[in-house]
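Accompanying notes for the structure given below.
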Amino acid sequence: MRDFVTALQFLTRIHVVDQKDLTIEDFGRSVKTFPLVGLVLGLIAAGAAWLLLRCFGPVPLTAAVLTILPIVLTGGLHADGFMDTMDGVLSCRDRARMLEIMKDSRVGSMGVAAFVCLMLLDFGAVWTIAPAFLPEAVLAAPIVARTAVVASVAGFPYARNAGMGKEFAEYATGRTVAFAFGTTLLLFVAGLLSGATSVLPFSALAIGFAAQFALARYYTRILGGLTGDVYGTLITLTETATLLAYAVFTGPLAL
């Protein structure tokens, strides 16, 4: 329970317990509970989707609120990582300079432009998803993204000599990945057996994992490894990939 609360406190604005004596080991051990953090975020988003659909229907306002909600719940943590990463990667400089740019607390024009494009893509995906599947989609997206990132943390080198993300990487092992994926599979099976969800979360998990693996390999190739900012980027882009998958599977042009 302590590991889960630690992860929830670090990755979101939801602070159920005021933990002041956290150690590096505490943060490292919390990696395996990332899917449960995704579950909390997903349940809040699914509840919001259910309420918005009944109050307003499948209108742009519903899509806009559901696009903004993850940023509010996480305090913009992953959005900040995404913009920092885009500033560095899209600068087309050498590796050392990219990492230096990413470390700068200021956000540049490339980061802002990329983030606006990403939000428009998320908005379009949410608006395209069939209303009957919308609560399920926004429930699955944060779980899939935070499960896949555990594999990225464990499977790819860290690009810097120090940093909060390095602590996650040092404590993430094969057992950590197995625990995270096992937790997610149990959640999805429970949802399917209870009738709360369809089989689509399993497809979304496969698509999200494939997308994140490809992105992690790309960032490792150009940066020499991953960083805390890149972890946030992977989570953000995998959520987008999951929403797009639901849009393709359930939208007007459903396969």
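The values are calculated or read from the model by the stated rules, or taken from the named source; none is laboratory data. Computed from a prediction, not measured in an experiment: that's the story for all the values here. Quick reminder, even Gly has a Cβ in these numbers, built from the backbone with ideal geometry, and neighbours come from all protein chains shown. Surface accessibility is based on the protein's heavy atoms, side chains included, excluding ligands, DNA and RNA. Shrake-Rupley method; radii C 1.70, N 1.55, O 1.52, S 1.80 Å.
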To the nearest Å², the heavy-atom accessible area per residue of the chain with 1.4 Å probe amounts to 46 Å²
Convex hull over the Cα atoms of the range 1-159, averaged projected area in nm²? 10.6 nm²
Grab the Cα-Cα distance for L43 and L193, subtract it from 0.36 nm times how many residues apart they are, and report the gain in nm with one decimal. 52.3 nm
Zone of V59 (label point 7 Å along Cα→Cβ, backbone N under 19 Å): which residues in the range 132-150? 132, 134-135
Crossing angle, helix 228-250 versus the chain [Cα axis fit, 0-90 degrees, rounded to tens]: 20 degrees
Which peptide among 70-77, 122-129 comes first, and what is the full order, when sorted by highest mean count of other Cβ atoms within 10 Å? 122-129, 70-77
For the residue pair V116 and D104, what label-to-label distance in nm results when each label sits 7 Å from Cα along the Cα-to-beta-carbon direction? 1.9 nm
On C-alpha positions alone, give me the angle between the axis of helix 134-155 and the longest principal axis of the chain, in degrees, nearest 10. 20 degrees
Taking all protein chains in place and a 1.4 Å probe, what share, in percent, of the accessible surface of the chain do carbon and sulfur account for? 68 percent
The range 199-241, Rg to Rh (Cα coordinates; Rh as Kirkwood inverse mean 1/r): 1.04
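Calculate for the chain the 222 nm mean residue ellipticity that helices alone would give, adding -39,500 (n - 2.57) per DSSP H run of length 4 or more and normalising by residue count, nearest 500 deg cm²/dmol. Please report the intermediate quantities before stating the final value.
Values: 12 runs with 193 residues, N = 255.
Result for the chain, helices only: -25000 deg cm²/dmol.
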Using only the Cα atoms of the range 42-90, build the gyration tensor, take square roots of its eigenvalues as a ≥ b ≥ c, and label the shape rounded, prolate or oblate: rounded if a/c is under 1.5, else prolate if a/b is larger than b/c, else oblate. prolate
Taking 25 °C and 0.890 mPa s as the conditions, I'd like the Stokes-Einstein D for the range 133-255 in µm²/s, using the Kirkwood hydrodynamic radius from alpha carbon pairs. 165 µm²/s
P(r), alpha carbons of the range 128-171 - 5 Å bins starting at zero, rounded %: 5, 20, 19, 14, 12, 9, 9, 8, 3, 0
In nanometres, what is the gap between the two model label sites at R221 and N161, each 7 Å from Cα along Cα-to-Cβ? 2.8 nm
At A178 and I68, where each label point lies 7 Å from the Cα along Cα→Cβ, what is the point-to-point distance in nanometres? 4.5 nm
